[in-house]
Amino acid sequence: MAVSSVANSDTFKVTTPSDREITLTRLFDAPRRLVFEALTRPEHVKRWWGILDDQYSVPVCEMDLRVGGKWRIVGRGPHGEGPEFYGEYLEIVPPERLVNTEIFAPFPDAGSVVTVVLTEEDGKTRLTVTAAYPSREVRDMVLQTGMETGAALSYDRLEEVARELR
Amino acid sequence: MAVDQLSSTFAALADPTRRAILARLASGECSVTELAEPFDMSMPAVSKHLRVLERAGLIARGREAQWRPCRIEAGPLKHVADWTERYRHLWEARFDRLEHYLQGMKAKEKTHGRKQRGK
């Protein structure tokens with residue numbers, strides 16, 4: 001895991017609780033109510049989502065936060081527009097639970113259902129995001145496509161060939 | 001890299017047979033017949049997969065020899081590997097950024113008191 005000076009960074013974990021799911025979890029040093037707001041209000045989301053450094057921004061962030069309401073986020077980075085995600089809210093229980101669909105625009109058939117759970121833990125808030133995909137194949141594609149092929153190739157060889165192609 | 005190119009690479013990779021073909025090619029060039037061998041699949045079916053991979057720029061096929069050997073092209077795969085790596089980093093960085101942002105939100109509340117939410 002990357003060394004980071006940001007608080008609680010070492011609590012970040014990625015796991016696969018079942019064949020079709022990916023879970024991301026992390027502790028935050030803030031009350032649950034604030035974390036929920038930061039996740040669900042565009043003026044906040046635009047300030048942290050996909051902002052890796054000042055070359056990144058979120059030009060589009062629309063969140064119609066009600067059951068059946070739609071959301072859409074488009075990021076922008078040094079290489080231009082994208083990625084684009086969109087979906088619909090299925091369940092909203094502030095400040096503890098949020099369920100929505102999430103579609104990564106290039107793969108409209110491979111949408112996921114994302115469940116966000118916020119729990120209080122020793123004065124901190126644990127954020128657990130579980131994405132459930134329609135099948136194991138899709139989940140594995142999201143999780144492994146690059147890694148699997150990368151491993152088969154071995155990164156050294158890849159690096160070598162990529163350098164030749166440049 | 002254009003988003004479309006990445007999408008077509010991912011679409012080509014979104015099939016277990018095609019990933020297995022790439023894994024096989026990673027250990028060296030081979031012919032269509034050799035590639036078809038481990039799969040319970042007709043030659044035309046394998047050829048179809050190869051065309052998808054070729055269009056995505058993931059493999060190249062020799063023109064010199066009659067048997068047109070297939071070989072892997074690392075360029076697009078490198079982009080995919082970069083992308084996946086970025087995806088993982090993105091989430092870690094995204095959460096770090098959220099933590100940082102939350103500290104700002106907390107400080108603001110402390111200074112101004114909690115603002116009542118409208119509506």
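The values are calculated or read from the model by the stated rules, or taken from the named source; none is laboratory data. Worth saying up front: this structure is predicted, and the values here are computed from it rather than measured. Neighbour counts run over all protein chains shown; Cβ positions are idealised from the backbone, glycine included.
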*For the subset of the stretch A:107-129 comprising residues that are in contact with a Ser or Thr (Cβ under 6 Å, 6 or more places away or on another chain) and away from every other protein chain (no Cβ under 13 Å), which member is modelled with the lowest pLDDT?*
A:111
*Mind checking whether some residue in the stretch A:62-78 is outside any loop (DSSP other than H, G, I, E, B), farther than 23 Å from residue A:126 by Cα, within 12 Å of another protein chain (Cβ to nearest Cβ) and touching a Gly at 6+ places or on another chain (Cβ under 6 Å)?*
yes
*Considering each of A:96, A:81, A:88 in turn, give the residue that is under 16 Å from the mean Cα position of the chain (by Cα) and not hydroxyl-bearing (Ser, Thr, Tyr).*
A:88
_Breaking point among (1) more than 21 Å from the chain's Cα centre (by Cα); (2) modelled with pLDDT under 85; (3) at the interface with chain A (Cβ under 9 Å from one of its Cβ atoms), for residue B:75_ = (1)
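To keep it simple, each residue is scored yes or no on (1) surrounded by fewer than 19 Cβ atoms within 10 Å (Cβ to Cβ); (2) over 29 Å from residue B:11 (Cα atoms); (3) not hydroxyl-bearing (Ser, Thr, Tyr).
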{"position": "A:33", "(1), (2), (3)": "yes, yes, yes"}
{"position": "A:62", "(1), (2), (3)": "yes, no, yes"}
{"position": "A:65", "(1), (2), (3)": "yes, yes, yes"}
{"position": "A:72", "(1), (2), (3)": "yes, no, yes"}
{"position": "A:93", "(1), (2), (3)": "yes, yes, yes"}
{"position": "A:107", "(1), (2), (3)": "yes, no, yes"}
{"position": "A:133", "(1), (2), (3)": "no, no, no"}
*Answer yes or no as to whether residue A:45 is at the interface with chain B (Cβ under 7 Å from one of its Cβ atoms), surrounded by 19 or more Cβ atoms within 10 Å (Cβ to Cβ) and among the β-branched types (Val, Ile, Thr).*
no
